[in-house]
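S.K.: This structure is in structure tokens; I'll ask about it shortly.
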Amino acid sequence: MGRRTDIETILLIGSGPIVIGQACEFDYSGTQACRALREEGYRVVLANSNPATIMTDPDFADATYVEPLTVEVLTAIIEAERPDALLPTLGGQTALNLAMDLVEAGVLDRYSVELIGADAEAISTAEDRQKFKEAMIEIGLEVPRSGVAHTMDEAMAIIGDIGLPVVIRPAYILGGRGTGIASTPEEFEHVAANGLAASPISEILIEESIAGWKEFELEVMRDRADNQVIICSIENLDPMGVHTGDSITVAPIQTLSDVEYQVLRDAAFACLRRVGVETGGSNVQFAVNPDDGRVVIIEMNPRVSRSSALASKATGFPIAKIAAKLAVGYTLDEIPNDITKKTPSSFEPVIDYVVTKIPRWAFEKFPGTDGVLGTSMQSVGEVMAIGRTFPESVQKACRSLEAGHTGLNASAAEARFLAMDDAELAAAVAVGTPDRLFQLAESLRRGVTIEDLHHQSKVDPWFLDQLSIVVEHRQWLEAQPTVASLSRADWRRTKQLGFSDAQVAYLLSESGDDVRAARLGHGVQATFKTVDTCAAEFEANTPYHYSTYEDESEVRPGTKPRIMILGSGPNRIGQGIEFDYCCVHASFALRDAGFETVMVNCNPETVSTDYDTSDRLYFEPITEEDVLNIIEVEKPIGVIVSLGGQTPLKLADRLPAELVLGTAPSSIDAAEDRDQWAAVCDRVGVPQPPGATAIGASEALAVAEQIGYPALVRPSYVLGGRAMEIVYDDVELKRAMTALGQDGSLGREGGLSAERPVLIDRFLEGAIEVDVDAVRDHTGAIAIGGVMEHVEEAGIHSGDSACVLPPPTLAPAVVDELMAITGRLAAELDVVGPINVQFAVQRGEVFVIEANPRASRTVPFVSKATGRPMAKVAARLMAGASLDDLRAEGLLGPDPHPPHWSVKEAVLPFNRFPAADALLGPEMRSTGEVMGVDLTPGLAFLKSQQAAGGALPGPDEGAVFWSLADRDKEEGIEAARVFAELGYRFVATAGTAEALTAAGLTVDIAVPKLGEGGRDAVALLSDGEVTIVVNTPRGRGARADGDYIRTAAAQQGTPLLTTVAAAKAAAMGLTESATSPLQVRSLQQLHQEMA
Amino acid sequence: MSEILPAALVLADGSVFEGEHLGAVPQRGIASGEVVFNTAMAGYQEIITDPSYAGQIVTFTYPHIGNYGTASDDNESRGTFTRGIVIRDLARRHSNWRSEQSLEAFLIGHGVAGIAGVDTRRLTRLLRDAGALPGAFGPLVGDAATTIEALTAAAAAEPGTDGVDLVAQVTTESPYQVGSGARRVVALDFGIKTAIVEQLASFATVDVVPASTPAAEILARNPDGVFLSNGPGDPTQVPYAIATVRELLGQIPIFGICLGHQVLALAIDGSITKLPFGHHGANHPVRNERTGEVEITSQNHNFAVEPESVSARADITHINLNDGVCQGMALRDVPAFSVQHHPEASPGPHDSAYLFQEFDRLMATGG
Ligand SMILES: Nc1ncnc2c1ncn2[C@@H]1O[C@H](COP(=O)(O)OP(=O)(O)O)[C@@H](O)[C@H]1O
Ligand SMILES: Nc1ncnc2c1ncn2[C@@H]1O[C@H](COP(=O)(O)OP(=O)(O)O)[C@@H](O)[C@H]1O
Ligand SMILES: [Mg+2]
Ligand SMILES: [Mg+2]
């Protein structure tokens, strides 16, 4: 059939900011799609509000719009670009929903844009749970008994028939938001109400609960000739009831016979046909009753999904790329298999290894949440590991997590589980939590039988037995006198079961180095196998490798000098897609410069783990042992550790020093270690906030005595302000210190440990925070990437606050000073490569908060705002080039003076954690970011709010709620005045109301405090009378006041501004937008304007 | 699992693989045969009981084997004909509601030996490049202990499957009847799989007869059609069957699968080649040349029909998209067609099941 020639320009919609349930897997799929479509000679127009993505690099599309993903904006883009087709199936639920909105708004008809990949009818059949069930019953597939409700009364009627327990799920939502299992009438009322609220069309499905059944997923591809293939089959270790996104999953399916598997396969094909998925990848989920094999279909996603990313990495079959080609008319047999080159894509990959995915959560950052897994997804990232067997695979996955485990227990992190008594443990394994896997292993160690454990946890006995094989070998190891007593055969078995040298060291209380030496002494070395889609039936050309311990290694010697890039591991709050962006850019730049690039990472969602991003890909845990193994076979001339966040940085001084490219490990320490850092600042002559280190509460109190309150308490060597707190008095300080003292969550993260003292700084109140990103070369020349002024004041983590580039309010003299200091610090630390410095400017006085001699979270944003490829430049500098060289090459242009303003805004996951306070603070909690670009700071800020989903409603839609801390009242009133001029009505808490009235502003309602009777803020919010909330709490301590207001706002999805600065920026934007109509600009256009 | 017996596999080219013994203990401690691999990720029991594997040692490329145990419903014949299995890891405990016994118990019960703990990927890569090789394995310790030398000798002595009539070893001794459908089918048993018999029996009364049954006897059962089954080894080793088919051609509709397909080709003076490695898996894309549709198929053969050699009388109806090998043909002058792959799957996808309906239709119209 071949590629369609009747379309030229294709609009691709990205998935927007990283949120829980929709992470960087859609950067992977979007990037693949952009590449594939341009390969085919189409003109690609891309819309995505997320600046941290690789897909939004100007090089990946012909026109790249980093603009809010709304119908209004998309319409403007369509108007400007006139695409012939819209491909909505690679941008997650966001793109799919947006496409539906555009259809309903008649926009696609108006501009005659064809929806390709999936048509509206298919999308609604799959997404509308009721329609879907009817369709499935129609083709003879079984579904859980259920009913649909739009009101509580309807809901009650339904459980009348099907009884409890039930699962409640809203229509049109992703990641299972607002879903849950209800076993009691009380639970039912609660969950049903949430569900109705969460669904954009307030529709919920109430369904018989089949929690405890086995859960399976099939990744299917279909072309327009109705050829269908299964790319990957996945089995969930966690049974039904735990969202697949929160489940430990294993590929391929382990516990079904071919007879049963073929039934699922036929059902999946029937499902796609009935739903009418035209072309592309879909994901179909099944549940199977372990007692009688009864099969029910749970849902299907008519688009590339999180599991598609996993399936692609697990098999080597590039689902997103192929989906894009199918959408433009090819059939599967017309597309060659990239990996074998010889065979077509119309086949079903087979694998000869076991893949394990384990999610990573961030509950510790959301106090008040219970950390229990359910039908609504809560994880923020995941790791994948490849091993020849499940024991090896699962152990590798455990150590990839960077959660303090060096495998399946047998590490210091198991202390928590050893401490539980048998009854606790038995109760614990019955509930899905981040710890369950480790608790299962501990139960087995205590001799709990597989029958009992299966009964408690519903985890399949096959998996439990495999875990038991690991545990039994652990016990055998423990019984060995010394590491010397292990024979070659013992070592082979130990390593084949996935044990890390670190676990062996722990069990035999030997040093890691001795263990490694002993192992290598027996010649037991990692062998590297290849992911080839065909279990070695055909020769593979793609060097996509994983380690195991067998006879034969398949790594071929390279030709060019090789540089190894260490990735950033699992996404987590504080370390996400930004760092993958940097690693991928480094790979591209170094490849262009004639090096062979070797990527090491364990995150299946990323572009870095695509087999064609780098010359060689090692899908491996990023630990000392695993990295050294790869260095042994690849013999790189250098290793880049400073682009993947803290993960590789932590390894810097464990690697051969001569191999670490760029800034020396010693400088990295100098920047992290409190005393060395203080010395650096003194030498360079920049003031730091007064402060000192303390071990234990009494020392801390002494420090506070000197520097005074408020003070900022924090551990060293952590990212994202982990466990950082602002305390206002001795009581709070004591509490904070004890919290840090305990193992708490930090021990797990490998962040805080007893020997690392706590830092206590003077908290600079009301200071403006500024980020500066720069790069320095080996000659000492420096180039500033960007100076970013934060909207929120210092005290709100840089990752959580909006920032503006260039700085809108800072005096030029101050900006110059900041750049100068950055230069001096970079020189003092002898930085080669990237550096990020964070400042707080208090009443014109400059303080340095910290410097990171590594790529920062803001690198992608800066690159997009200025057109400067900071990560590429940094990589080249580390590999020996000078800034002059790069200028000569043209990689680095003249210093940019953007004629426009760019605002980065953070996106927070509070709607997923209703129990947590939605207040911003020094601990970072945002999962993603968006960018707004426009001609004035105000307009840009407004766009950023829109993009973040907080578009500010107009004056006629409702009132603004004001509740200001005393220190904010004065400035708050200025902002309020502007809102008043725009015609907004006000409600306010008593004190604020007084202040506003005193300033001559009208306040309709003075809201009584909670419990004082009368209609309080929460009521006003839920009645929709209040549509904007401005609430600046008194202080940012642990139990900050007004949290009930913020929580209500977060739940209602009402725009919430927690700082006066934000309120002012919003006011400015609203005023300007009243007079200037919406304008969209592509990055290519913007960067043109700068040149 | 009983405690570990170190074992080894030696190939005719001298390469040695370490492992552990599993399953039954072979006579004289050595199991030998032609070593092949299969890439199907599930369906080990069907493969082990498939008569087409007579004379062969099967390597499973998927590392975990035995996870879901075994169930008598999944047997593909009255017994097992493989000479042994080579795997990476045998499930210590199986888990599945359908299963009746563990794979290990099943192997011991059927006297099949195996070797586990082998770097099966290294072995597969070797076979991929060298082609199927004779080999021998056995335990290196215990009462039946053998030696690397003995294994090397056994591997060298192993004839492989060329030039051997393996069909005679697997075909039924006496005719038997299955099903009660309206149509009457006589199935020539070259090593027929149960799944095929069941497919035919779903619409016909099937007489399964020995491979050597002469044409006259077949016609005497006045069938509506004759089926030529799958089977092991080299089709040139069953001249009697080729003669029978030549005689039947034109008198009655014929449908052949796998070896049956090759026998049909030889009956019209076509020629057969041995493939470098052959096709052994459940994921092979085959294009139906008539509809253009792609079927994912189950495959297990080392020999293939030379397309040009049959083009005078037959159209090529199916082609393997991986390597262009002929997967199916239909005779132009008489009602007869055949495929190289396995529409009955077991193990594998059901994509090609429609071929049985085509046979039914062919019988209805008499061609
Ligand atoms: N009827 C049910 N009983 C028990 N658990 C269920 C049921 N339906 C779904 N689940 C669980 O909820 C999770 C999310 O359901 P799903 O339909 O996949 O929604 P989403 O669109 O969020 O993926 C599933 O992965 C499964 O574990
Ligand atoms: N002395 C201080 N006064 C006011 N705010 C501070 C001070 N030190 C840090 N902060 C705030 O805490 C946040 C996190 O601190 P930082 O040192 O940047 O930790 P991280 O390494 O996690 O980024 C900063 O972004 C800033 O907003
Ligand atoms: Mg789902
Ligand atoms: Mg910081």
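S.K.: Would you calculate the separation in nanometres between label points at A:THR779 and B:ALA145, each defined as 7 Å from the Cα along the Cα-to-beta-carbon direction?
M.R.: In this crude label model, A:THR779 to B:ALA145 measures out at 7.3 nm.
S.K.: Just name one of B:SER52, A:PRO853, A:SER863: the one whose Cα is farthest towards the positive end of the charge dipole of the protein assembly as shown (beta-carbon charges, Lys/Arg +1, Asp/Glu -1).
M.R.: B:SER52
S.K.: Moving on. With every protein chain in place, what's the accessible area of B:LEU266 (1.4 Å probe, Å², nearest 10)?
M.R.: B:LEU266 has an accessible surface of roughly 20 Å² with all protein chains in place.
S.K.: While we're looking at this one, here's another question. Spin-label point model (7 Å from Cα, Cβ direction): what's the A:GLU850 to A:GLU114 distance in nm?
M.R.: So the two model labels end up 5.2 nm from each other.
S.K.: As an exercise, use a Förster radius of 60 Å and the Cβ-Cβ distance of A:LEU701 and A:GLU632 to find the FRET efficiency, rounded to the nearest 0.05. Walk me through the numbers before you get to the answer.
M.R.: Details: r = 50 Å, r/R0 = 0.84.
For A:LEU701 and A:GLU632, the calculated efficiency is 0.75.
S.K.: While we're here: Given a Förster distance of 25 Å, report the FRET efficiency between B:SER180 and B:TRP97 from their Cβ-Cβ distance, rounded to the nearest 0.05. Walk me through the numbers on the way to the answer.
M.R.: On the way: r = 30 Å, r/R0 = 1.20.
After rounding, the FRET efficiency stands at 0.25.
S.K.: Could you give the dipole magnitude of the stretch A:198-341 about its Cα centre, charging the beta-carbon of Lys and Arg +1 and that of Asp and Glu -1, in debye to the nearest 20? Display every interim value, and only then the final one.
M.R.: Working: 13 positive and 21 negative charges, 127 e Å.
Dipole size: approximately 600 debye.
S.K.: From the helices alone, meaning DSSP H stretches of at least four residues, give me the mean residue ellipticity at 222 nm for chain B, per-run term -39500 (n - 2.57), in deg cm²/dmol to the nearest 500. Could the numbers behind the result be given before it?
M.R.: Values: 11 runs with 86 residues, N = 367.
Computed ellipticity for chain B at 222 nm equals -6000 deg cm²/dmol.
S.K.: For peptide B:64-71, compute the average count of partner chain beta-carbon atoms within 10 Å of each residue's beta-carbon. Working shown, then result.
M.R.: Numbers: counts 9, 0, 1, 11, 10, 3, 1, 2.
Mean partner shielding for this stretch: 5.
S.K.: Further question on the same structure: Which peptide among A:117-130, A:932-945 comes first, and what is the full order, when sorted by highest mean count of other Cβ atoms within 10 Å? Could you put the intermediate results ahead of the total?
M.R.: Numbers: A:117-130: 20.1, A:932-945: 24.9.
Top of the packing list down: A:932-945, A:117-130.
S.K.: Semi-axes of the equivalent ellipsoid of the stretch A:271-422: what are they in whole Å, largest first, if each equals the square root of 5 times a C-alpha gyration tensor eigenvalue? Please list the in-between numbers first.
M.R.: Numbers: eigenvalues 245, 85, 51 Å².
Over the Cα atoms of the stretch A:271-422, the semi-axes work out to 35, 21, 16 Å.
S.K.: OK, next. Could you compute how fast the stretch A:586-637 diffuses translationally, taking Rh as the Kirkwood radius over C-alpha pairs and applying Stokes-Einstein at 4 °C with viscosity 1.567 mPa s? Give it in µm² per second.
M.R.: Values: Rh = 11.4 Å.
Rounded, D is 113 µm²/s.
S.K.: Taking all protein chains as present, what is the carbon and sulfur share of the accessible area of the protein assembly as shown, in % to the nearest whole number, probe 1.4 Å?
M.R.: Details: 23310 of 45610 Å².
Here carbon and sulfur together make up 51 percent of the probe-accessible area.
S.K.: For a test of the definition: using alpha carbon positions, the gyration tensor, and the 1.5 limit on a/c, classify chain A as rounded, prolate or oblate. Before the final figure, lay out each step's value.
M.R.: Working: a/c = 1.26, a/b = 1.11, b/c = 1.14.
Rounded shape, in that the Cα axes give a/c under 1.5.
S.K.: Equivalent ellipsoid semi-axes for the stretch A:42-114, as square roots of 5 times the alpha carbon gyration tensor eigenvalues: give them largest first, rounded to whole Å.
M.R.: On the way: eigenvalues 72, 37, 23 Å².
So the three semi-axes of the stretch A:42-114 are 19, 14, 11 Å.
S.K.: Using per-residue counts of other Cβ atoms within 10 Å, averaged over each peptide, order A:868-874, A:465-471 from highest down. Write down the numbers at each step before the final one.
M.R.: Working: A:868-874: 27.1, A:465-471: 23.1.
The most tightly packed comes first, giving A:868-874, A:465-471.
S.K.: Let me ask something else about it. Compare A:LYS969, A:LYS650 by solvent-accessible area with a 1.4 Å probe and give them largest first, with all protein chains kept in place. List each step's numbers first, then the result.
M.R.: Working: A:LYS969 35, A:LYS650 90 Å².
Per-residue accessible area, sorted high to low, gives A:LYS650, A:LYS969.
S.K.: To check my understanding: the extent here is largest minus smallest coordinate of the Cα atoms along each principal axis. What are those three numbers for the stretch B:45-147, in Å, largest first?
M.R.: Principal axes ranked by extent give 39, 31, 23 Å for the Cα atoms.
S.K.: Provide the net charge surrounding A:ALA1049, with neighbours chosen by a C-beta distance below 14 Å and charges set as Lys +1, Arg +1, Asp -1, Glu -1.
M.R.: -4
S.K.: Once you have the Kirkwood Rh of the stretch A:359-517 from its Cα pairs, apply Stokes-Einstein at 4 °C and 1.567 mPa s and quote D in µm²/s. Display every interim value, and only then the final one.
M.R.: On the way: Rh = 16.5 Å.
Translational diffusion coefficient: 79 µm²/s.
S.K.: I've got another one for you. Could you do me a favour and compute the accessible area per residue for the stretch B:136-241, 1.4 Å probe, result in Å²? Could the numbers behind the result be given before it?
M.R.: Working: 4040 Å² over 106 residues.
With all protein chains present, the stretch B:136-241 gives 38 Å² per residue.
S.K.: Report, to the nearest 10°, how far helix B:354-365 tilts away from the longest principal axis of the Cα atoms in chain B, using its own Cα long axis and a range of 0 to 90°.
M.R.: 30 degrees
S.K.: Using a Förster distance of 60 angstrom, determine the FRET efficiency expected from the C-beta separation of A:ASP59 and B:ALA216, and round it to 0.05.
M.R.: Working: r = 76 Å, r/R0 = 1.26.
E between A:ASP59 and B:ALA216, to the nearest 0.05, is 0.20.
S.K.: Now a separate question. If you place +1 on the Cβ of every Lys and Arg, -1 on the Cβ of every Asp and Glu, and leave all else neutral, what size is the dipole of the stretch B:197-317 about its Cα centre, to the nearest 20 Debye? Walk me through the numbers before you get to the answer.
M.R.: Working: 6 positive and 13 negative charges, 20 e Å.
The calculation lands at about 100 debye.
S.K.: Going by a ≥ b ≥ c, the root eigenvalues of the Cα gyration tensor, does the stretch B:239-367 fall in the rounded group (a/c under 1.5), the prolate group (a/b larger than b/c) or the oblate group?
M.R.: Verdict is oblate for the stretch B:239-367.
S.K.: Provide Rg and Dmax in Å for the stretch B:268-342, with only Cα atoms included in the calculation.
M.R.: 11.8, 33
S.K.: Of A:LEU520, A:GLY696, A:PHE286, which is farthest towards the positive pole of chain A's charge dipole, taken about the Cα centre with +1 and -1 on the beta-carbons of Lys, Arg and Asp, Glu respectively?
M.R.: A:LEU520
S.K.: For the interface of B with A, what's the total buried accessible surface in square angstrom, probe 1.4 angstrom, rounded to the nearest hundred?
M.R.: Working: alone 14350 and 35970 Å², together 45610 Å².
Counting both chains, the buried surface is close to 4700 Å².
S.K.: Compute for the stretch A:781-903: radius of gyration divided by Kirkwood radius, i.e. Rg/Rh, restricted to C-alpha atoms, rounded to two decimals. Intermediate values should be presented prior to the final figure.
M.R.: Details: Rg = 14.3 Å, Rh = 15.1 Å.
Ratio of gyration radius to Kirkwood radius for the stretch A:781-903: 0.94.
S.K.: Something else now. Which of A:LEU90, A:SER124, A:TYR65 sits closest to the plus end of the dipole of the stretch A:51-142, meaning its Cα is farthest towards the positive end, when Lys and Arg get +1 and Asp and Glu get -1 on the C-beta?
M.R.: Result: A:SER124.
S.K.: Sorted by average packing, counted as other Cβ atoms within 10 angstrom per residue and highest first, what order do A:892-898, A:668-674 take? List each step's numbers first, then the result.
M.R.: Working: A:892-898: 14.3, A:668-674: 19.0.
Ranking, from highest mean packing down: A:668-674, A:892-898.
S.K.: Still on this structure, I have one more. Go through the stretch A:430-464 and flag every residue whose accessible area shrinks by 10 Å² or more with all protein chains in place compared to the isolated chain (probe 1.4 Å).
M.R.: Buried by 10 Å² or more upon assembly, which counts only protein chains, are A:ILE450, A:GLU451, A:ASP460, A:PRO461, A:TRP462.
S.K.: What does the average come to when, for each residue of peptide B:283-296, you count the partner chain Cβ atoms lying within 10 Å of its Cβ?
M.R.: Numbers: counts 10, 4, 11, 2, 4, 0, 0, 0, 2, 5, 6, 12, 2, 8.
Partner Cβ neighbours, averaged per residue: 5.
S.K.: Let me ask something else about it. Using alpha-carbon pairs under 8 Å, 6+ residues apart, how would you state the relative contact order of chain B in percent?
M.R.: Working: 950 pairs, mean separation 55.7, N = 367.
It comes to 15 percent, rounded to a whole number.
S.K.: Ok, one more. Among all the lysines, which ones have a C-alpha under 29 Å from A:LYS943's C-alpha, if same-chain residues fewer than 8 places away are not counted?
M.R.: Hits, sequence-local ones excluded: A:LYS365, A:LYS864, A:LYS872, A:LYS904, A:LYS969, A:LYS1064.
S.K.: Still on this structure, please answer the following. Using the heavy atoms of the protein chains and a 1.4 angstrom probe, tell me the accessible area per residue for chain A in square angstrom.
M.R.: Numbers: 33690 Å² over 1091 residues.
That works out to 31 Å² per residue.
S.K.: Same structure, new question: Let me see the P(r) profile for the stretch B:46-95: every Cα-Cα distance counted, bins of 10 Å, each bin given as a percent of all pairs.
M.R.: Bins of 10 Å from zero give 26, 52, 22, 0 percent of pairs.
S.K.: Near the amide H of A:GLY180, under 5 Å away, which other amide H atoms are found, from residues 5 or more places off or on another chain, if H is placed in the peptide plane?
M.R.: A:ILE168
S.K.: Continuing with the same structure: Hey, got the average number of other protein chain Cβ atoms within 10 angstrom for residues in B:118-128? Don't skip to the answer; put the middle values down first.
M.R.: Values: counts 2, 8, 5, 14, 8, 3, 5, 8, 2, 2, 6.
Whole-number average of other-chain Cβ neighbours for B:118-128 is 6.
S.K.: Place a +1 charge on the Cβ of each Lys and Arg in the protein assembly as shown and a -1 charge on the Cβ of each Asp and Glu, then give the dipole magnitude about the Cα centre in debye, rounded to the nearest 20. Don't jump to the answer; show the numbers that get you there.
M.R.: Working: 112 positive and 197 negative charges, 260 e Å.
Charge dipole, the protein assembly as shown, about its Cα centre: 1260 debye, nearest 20.
S.K.: Let me check I've understood the local charge: for A:PRO461, count other residues with C-beta under 10 angstrom from its C-beta, Lys and Arg +1, Asp and Glu -1. What total comes out? Provide the component values of the computation, followed by the final result.
M.R.: On the way: positive: B:ARG93; negative: A:GLU451, A:ASP460, A:ASP465.
Here the count lands on -2.
S.K.: If I take the Cα coordinates of the stretch A:485-548 and project them onto the principal axes, what are the three extents in Å, biggest first?
M.R.: Computed over the Cα atoms, the extents are 44, 18, 17 Å.
S.K.: With n ≥ 4 as the cut-off for DSSP H runs, can you work out [θ] at 222 nm for chain A, using -39500 (n - 2.57) per run divided by the number of residues, rounded to the nearest 500?
M.R.: Numbers: 39 runs with 406 residues, N = 1091.
Computed mean residue ellipticity for chain A: -11000 deg cm²/dmol.
S.K.: Give me the net charge for the shell around A:ASP934: Cβ to Cβ below 11 angstrom, other residues only, Lys and Arg +1, Asp and Glu -1.
M.R.: Details: positive: A:LYS943, A:ARG1081; negative: A:GLU67, A:GLU1072.
Summing Lys and Arg as +1 and Asp and Glu as -1 gives 0.
S.K.: What spacing in nm lies between the two simple spin-label points modelled at A:GLU39 and A:SER511, each 7 Å away from Cα in the Cβ direction?
M.R.: Placing both labels 7 Å beyond Cα along the Cβ direction yields 5.0 nm.
S.K.: Compute the Kirkwood hydrodynamic radius of chain B, taking the inverse of the mean of 1/r over all pairs of distinct Cα atoms, and give it in Å to one decimal. Could the numbers behind the result be given before it?
M.R.: On the way: mean 1/r = 0.0483 Å⁻¹.
Every distinct Cα pair counted, the radius reaches 20.7 Å.
S.K.: Please state the shape class of the stretch A:902-1010: rounded when a/c is under 1.5, otherwise prolate if a/b exceeds b/c and oblate if not, all from the C-alpha gyration tensor. Walk me through the numbers before you get to the answer.
M.R.: Details: a/c = 2.00, a/b = 1.37, b/c = 1.46.
Verdict is oblate for the stretch A:902-1010.
The values are calculated or read from the model by the stated rules, or taken from the named source; none is laboratory data. Remember, it's a predicted structure, so these values are computed and weren't measured experimentally. Reconstructed Cβ throughout: ideal geometry from the backbone, glycine too, with neighbour counts over all protein chains shown. For the accessible areas, the whole protein counts, side chains as well, though only heavy atoms, and no ligand, DNA or RNA atoms are used. Shrake-Rupley method; radii C 1.70, N 1.55, O 1.52, S 1.80 Å.
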